[in-house]
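Below: the structure, in C-alpha cells.
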Amino acid sequence: MAGENFPTPVHSIIMFWVEVILALLGQKFQYDKVTPYVEHGAIILGIYISLLIYCMGLIIEFGCEITNQALCLIIKRFNPILGALLVVMLTLLLHSGFGWFTFALWVISLVGTLRWSWPEIKEIKEKITEKMRVVQ
C-alpha cells in the first residue's frame, strides 16, 4: 500500500495497526456466542464512521492540489489524527481500559493539532467570509 505517492509514512503505520488489532479481535471473539456488533454496537458505529471519514480524507489527500495550500496543510495534519481514531476505537473493543487511555491520548493530540493548525484555519475562515461578502 505504501509507495512513492503515498502521502505520509504515518498512514502505513495506521494501516498496520488496524490489521493487527483486527486479527487480535478475531481471536478474542472467536468462541463468543455474542458478536461485537451486538455487544458493542456504539463502538462499531464509531469505527465505521471514523473509517469512512479517514478514507475520505485519504482520497482528498491523494488529490490535494497546491491551489489552496492552507486547506491541504490542514487535511494533511488532521487525516493521521482521524486514522489514529480508528485504531483507538478498535483498541476499545480489544481492551476497554487501555482503549480509554489511548482515547485520552488521542484527545490530547487532537487539541495539539487544533492549536498547531489554528493560523491556517483562521486563514480559510477569512477567505470563506470574504467570498461570502462578494457574493452578497
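A short reminder: the numbers here are calculations on the coordinates, not readings from a lab. Quick caveat, the model's predicted, so the values are computed rather than measured. Note: ideal-geometry Cβ built from the backbone for every residue, glycine included; neighbour counts use all protein chains shown.
Observations, loosely collected:
- For region 28-136, the set of chymotrypsin sites (Phe, Trp or Tyr not before Pro) satisfying both a DSSP loop assignment and a count of at most 14 other C-beta atoms within 10 Å is given as Tyr31.
- For the pair region 8-65 and region 80-98, the centres of their Cα atoms are 8 angstrom apart.
- Contact order, relative form, for the chain: 27 percent (alpha carbon pairs under 8 Å, 6 or more residues apart, mean separation divided by residue count).
- Estimated dipole of region 1-130 in Debye, rounded to 20 [Cβ of Lys and Arg +1, of Asp and Glu -1, Cα centre]: 280
- Crossing angle, helix 9-28 versus the chain [Cα axis fit, 0-90 degrees, rounded to tens]: 20
- Under 25 Å between alpha carbons - lysine pairs in region 9-135 that sit 8 or more apart or on different chains: 5
- Note on the chain: GNM, Cα springs under 10 Å; of Gly57, Gly26, Gly46, the largest mean-square fluctuation is that of Gly26.
- Here the Debye sum runs over all C-alpha atoms of region 9-135 as equal scatterers in vacuum, and log10 of I(q)/I(0) at q = 0.18, 0.21 Å⁻¹ comes out as -1.01, -1.23.
- Helix 69-94 axis versus longest C-alpha principal axis of the chain: approximately 10°, rounded to the nearest ten.
- Per residue, the chain reaches -29000 deg cm²/dmol at 222 nm when only DSSP H runs of four or more residues are counted, each adding -39500 (n - 2.57).
- Helix 41-62 and the longest principal axis of the C-alpha atoms of the chain enclose an angle of approximately 40°.
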